[in-house]
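The structure appears below as structure tokens.
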2 protein chains.
Amino acid sequence: MRIPKIRDYVIKNLKYIMKPRSIAIIGAAREPGKIGNQVVKNLIDGGFNGKIYPINPKADQILGLKAYPTVKAVPDDVDLAIIVVPARVVKSVIQDCVEKKVKGIVVITSGFSEVGNRELEDEIVSMCRKYKIPLIGPNVVGVLNATQKVNASFGPKLPYKGKIGFVSQSGALVIALIGWTWNQRVGMSTIVSIGNKADVDFSELIVYFAEEDPDTNAVALYIEGLDAGPEFVEACKRASKKIPIVALKAGISERGSLAAMSHTGSMAGSARIYRAVFKQAGVILAENLEDLYDRSLALSLQPPARKDLIMVITNGGGAGVISTDAAEKYGIPLQDTPRDLVPKMKQYMPPFGSAKNPVDLTGMARPEDYYGAVVDALKHPEVGGVVVLYCHTAITNPMDLAKKMYEASKVAENENKPLVVCFIGGEEVDRASIWLKENGVPTYPSPMRAMSAMGALREYGRLLEKL
Amino acid sequence: MRIPKIRDYVIKNLKYIMKPRSIAIIGAAREPGKIGNQVVKNLIDGGFNGKIYPINPKADQILGLKAYPTVKAVPDDVDLAIIVVPARVVKSVIQDCVEKKVKGIVVITSGFSEVGNRELEDEIVSMCRKYKIPLIGPNVVGVLNATQKVNASFGPKLPYKGKIGFVSQSGALVIALIGWTWNQRVGMSTIVSIGNKADVDFSELIVYFAEEDPDTNAVALYIEGLDAGPEFVEACKRASKKIPIVALKAGISERGSLAAMSHTGSMAGSARIYRAVFKQAGVILAENLEDLYDRSLALSLQPPARKDLIMVITNGGGAGVISTDAAEKYGIPLQDTPRDLVPKMKQYMPPFGSAKNPVDLTGMARPEDYYGAVVDALKHPEVGGVVVLYCHTAITNPMDLAKKMYEASKVAENENKPLVVCFIGGEEVDRASIWLKENGVPTYPSPMRAMSAMGALREYGRLLEKL
């Protein structure tokens, strides 16, 4: 069903889905391995501290919780109903939800428009809309909120906690990428699997994150197809004043668009059309999954770059050369070091170093040298942001450098400028990178990825200037 | 100095540098922390089982080894001399090497053409050429051979052992990337830091790897600038009949080329010119450092794809859509599943799966289903290669799938077709990926990277068809 305009009641009520105080699982099951059991278990294991009401007419207790025959039998208010019953029963349990006045619904059950059963899907959507209950799904993994510890899904666990709100049209990717958020410390506030997006679509979720959710600083989207282009543009324009939006559009090749259609039934459209839509909407594009995570991480942790002059500070010429190429690719071509910054930079390097941008402190650079150069660059009024590149050397303990870069990030915060770090090396270096990310500094394993992150921060800065 | 044609004596004698039986370290030092100490320590710690001769006129012993006042005083033959003495003394110790008839020289010492001291550099090169002793450097980290356990460098340790020969114009990257080879199990036979490449350049090393080194199956190059374009093209054409060559060309942007010039003194040249040169030379390009490692890993472990039809087998539609876009990007646009393969694929999936390419086995796919589908695809005469995508699900132990994919790789080996794997997920999935890589199957964390690897395998296949 075509989505109506961005609806106020949806924007307001999505909080009952994302941050519910009480949850009914309709179709809760006693048998381990069933989705109806997994969702209850996930809510408990995730540490949800609201009320959990398993609904099952044939059970007294599920996983130690009192079960109710219908949602109507629950003695308290129910904010969120998670529906996992078979498709043919979904309509009648939604009727129960309407009567119970639940405030939001997530339909995990599949077997709707994705297999041609559009009529049933339209019927449940009509019911929900009539009673102004936002519905996520059907055919989804669920909703995961790391801030509120709500794992209302059959995903393996909550994501690593952070500030990204991630909306995905692919359920399998949601599940698989939760592992990534932990491995790479890509912090997420919320993950929403939107499946068939029969009622609530990308648009309203984007506006919700921007306007109603203080826990989310950046929105990441995995999109296969958009059914409601004008609403999407309107929502993104409205939201991107407050919050950056990064999107990976899959299915942009000719055959990829056919694959997307067979996967989610979406009309994928050409790359050219999408690029135009995203540009108009103020959406920052990602090239692939890593880039979606890399860019949204930086945008969720750092302020936008308000000026074009990005300083790169390195201890290796090669990494500097790569970053220079990358800067051009990502729309932030490096400019000369401001004249009065040159002598300052020279303080931190031996005579064979280079104060040109990228500034090469050489392999002799100690953590204090990095700190001095980064802070001086951050404080220079013409500088919009700083990228630090570190190639591991025998003379530096990467954790010492990480701690200095954390200190520098406090200066960056004061200056309201972004700082992005790249640490290249092995295990010891990775541990230092993880520590830096845990402490709010976006850190990447290669110059290309760090420059893409800074490119996104500048892109958002330019967008805000235009608005 | 302009490199002469590809010299036979260099090709033949490089083995004394890469696989020496005896090594003299001229400028060996007793003091820990000094490069002259580190190189001796690295040779010992790396497990070199040839003879090590520290050369130092003021020491009797260094790290427990008898020291000699000059290389001429060494009682045995010396295959390789590593020179770490100050630049002003290098000429006289090279004279000693000539008299001692050492078979190869690596000059770690810096302070030559990279700081304008070209005359001295030219003099030492003339001496070596006159006596037909190949010289690597000056201004390098050294040479590391994981197969022969020769860490003749001041790098932290030997790389993870494998089949890639890596030649780098950046020393800092060599050092930092050794950590990557271990973290990501990107196996290397040899790493050569070529610094100022005053005598031996990329060209002769490439031919050496192709014709003289059975331990190397693929060559990876980090290039900032080429001084000898025609020789490079000739060497690559000659070598790529036997071995694939992958290159990351840094300094391709306008400013990146200036940065490269200031870093290595190389005339970097425009992206367009380089692309033309590489195409003519049969060099496979990499987009960035990860891609250089990803592509060379696949090329070092797998045979080239001899046909255009690449089958992708996935358990998640989203990953399939991304891989379809990536296939187009990397020059291997997906084709339809051959008609007689369709019913075979359907055996391994529920009715809502898809036998179209990418084949979607759905989230219910078990390791046996993957195995069956992959093996049937590999055995089909029209199929050139198979890419497996796995989005982690709760129902699968990724190590079980890894073991099945290892079995499938044996079938691929028999069929002489490449198999590339992508495992998306968290820690458990990463462990399975590492195990697969240790067992010779190139495995990547995202569909884009796996498709780039397969794209490189097909590119090499096409190159061989043309030759």
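Values in this text are rule-based calculations from the coordinates and carry no lab data. This one's a predicted model, so the numbers in the text were calculated from it and none came from an experiment. Note that each Cβ is placed from the backbone with ideal geometry, even for glycine, and that neighbours are counted across all protein chains shown.
Under the shape rule built on the C-alpha gyration tensor, where the axes satisfy a ≥ b ≥ c, the stretch B:66-111 is prolate, since a/c reaches at least 1.5 and a/b is greater than b/c.
Note on A:Glu254 and B:Glu99: with the Förster distance fixed at 56 Å, the Cβ-Cβ geometry gives a FRET efficiency of about 0.25. Placing +1 on the Cβ of every Lys and Arg and -1 on the Cβ of every Asp and Glu, with nothing else charged, gives chain B a dipole about its Cα centre of roughly 960 debye. Overall, the ratio between the Cα radius of gyration of the stretch B:157-303 and 2.2 N^0.38 Å, rounded to two decimals, is 0.96. Placing unit charges on each Cβ (+1 for Lys and Arg, -1 for Asp and Glu) gives the stretch A:223-330 a dipole about its Cα centre, and among A:Ala276, A:Gly318, A:Ile252 the Cα reaching farthest toward its positive end belongs to A:Ala276. Quick check: from the Cα gyration tensor, does the stretch B:310-463 come out rounded (a/c under 1.5), prolate or oblate? Rounded, because the longest to shortest axis ratio a/c is under 1.5. Of the beta bridges in chain B, as assigned by DSSP with both residues counted there, near 15 percent are antiparallel. Projecting the Cα atoms of B:Cys422, B:Ala305, B:Leu464 onto the charge dipole of the stretch B:303-466 (Cβ charges, centred on the Cα centre) puts B:Leu464 farthest toward the positive pole. Short-range pairs are left out: with C-alpha atoms under 8 Å and at least six residues apart, the relative contact order of the stretch B:343-467 is 20 percent.
Annotation for B:Leu464, label-to-label distances across the other copies: 5.4 nm (shortest first, one decimal, point 7 Å from Cα along Cα→Cβ).
Dividing the convex hull volume of the alpha-carbon atoms in the protein assembly as shown by its residue count gives 151 Å³ per residue.
Each Lys and Arg Cβ is given +1 and each Asp and Glu Cβ -1; about its Cα centre, the protein assembly as shown then shows a dipole of about 120 debye. Return the subset of B:Lys12/B:Lys163; A:Lys437/B:Lys34; A:Lys34/A:Lys101 for which the Cα-Cα distance in this structure is over 25 Å, preserving the input order. In this structure, A:Lys437/B:Lys34; A:Lys34/A:Lys101 exceed 25 Å between Cα atoms. Cα centroid separation, the stretch B:111-133 to the stretch A:319-398: 31 Å.
What are the semi-axes of the equivalent ellipsoid of the stretch B:266-351, taken as the square roots of 5 times the eigenvalues of the Cα gyration tensor, listed largest first and rounded to whole Å?
Output for the stretch B:266-351: semi-axes of 34, 14, 13 Å.
Across chain A, the longest run free of exposed loop sites, meaning chymotrypsin sites (Phe, Trp or Tyr not before Pro) lying outside DSSP classes H, G, I, E and B with no more than 16 other Cβ atoms within 10 Å, spans A:132-351. Diagonalising the gyration tensor over the Cα atoms of the stretch B:186-241 and scaling each eigenvalue by 5 before taking the square root yields semi-axes of 18, 14, 10 Å, largest first.
Take the alpha-carbon positions of the stretch A:150-223, form their convex hull, and give its projected area averaged over all directions (one quarter of the hull surface) in nm². That works out to 4.7 nm².
The eigenvalues of the Cα gyration tensor, multiplied by 5 and square-rooted, give the stretch A:87-176 an equivalent ellipsoid with semi-axes of 25, 16, 10 Å from largest to smallest.
Summary value for the stretch B:105-245: 23 percent relative contact order, contacts being C-alpha pairs under 8 angstrom separated by 6+ residues.
Label-point spacing at B:Ala276 relative to the other copies reads 3.4 nm, in ascending order, each point sitting 7 Å out from Cα along Cα→Cβ. For chain A, relative contact order (Cα pairs under 8 Å, six or more residues apart, normalised by length) works out to 11 percent.
Residues whose amide H lies under 5 Å from that of A:Met188, counting only those 5 or more places away or on a different chain, are A:Tyr160, A:Lys161, A:Gly162, A:Lys163, A:Ile164; hydrogens are built 1.01 Å from N in the peptide plane. Near the amide H of A:Lys157, within less than 5 Å, lie no amide hydrogens of residues on another chain or at least 5 residues away, with H placed in the peptide plane.
Amide H to amide H distances under 5 Å link B:Ser22 with B:Lys51, B:Asp79, B:Leu80, where only residues 5 or more positions off or on other chains count and H is placed in the peptide plane.
Among the helices of chain A, those built from whole DSSP H runs whose Cα atoms reach 27 Å or more along their own axis and whose mean Kyte-Doolittle hydropathy is at least -0.5 are A:447-466. Under the classification rounded if a/c is under 1.5, otherwise prolate if a/b is larger than b/c and oblate if not, where does the stretch B:350-403 fall, given a ≥ b ≥ c as square roots of the Cα gyration tensor eigenvalues? Oblate shape, in that a/c is at least 1.5 and b/c is the bigger or equal ratio. Taking only the Cα atoms of the stretch B:386-467, the radius of gyration and Dmax are 13.3, 48 Å.
The convex hull defined by the C-alpha atoms of chain B has an orientation-averaged projected area of 22.0 nm².
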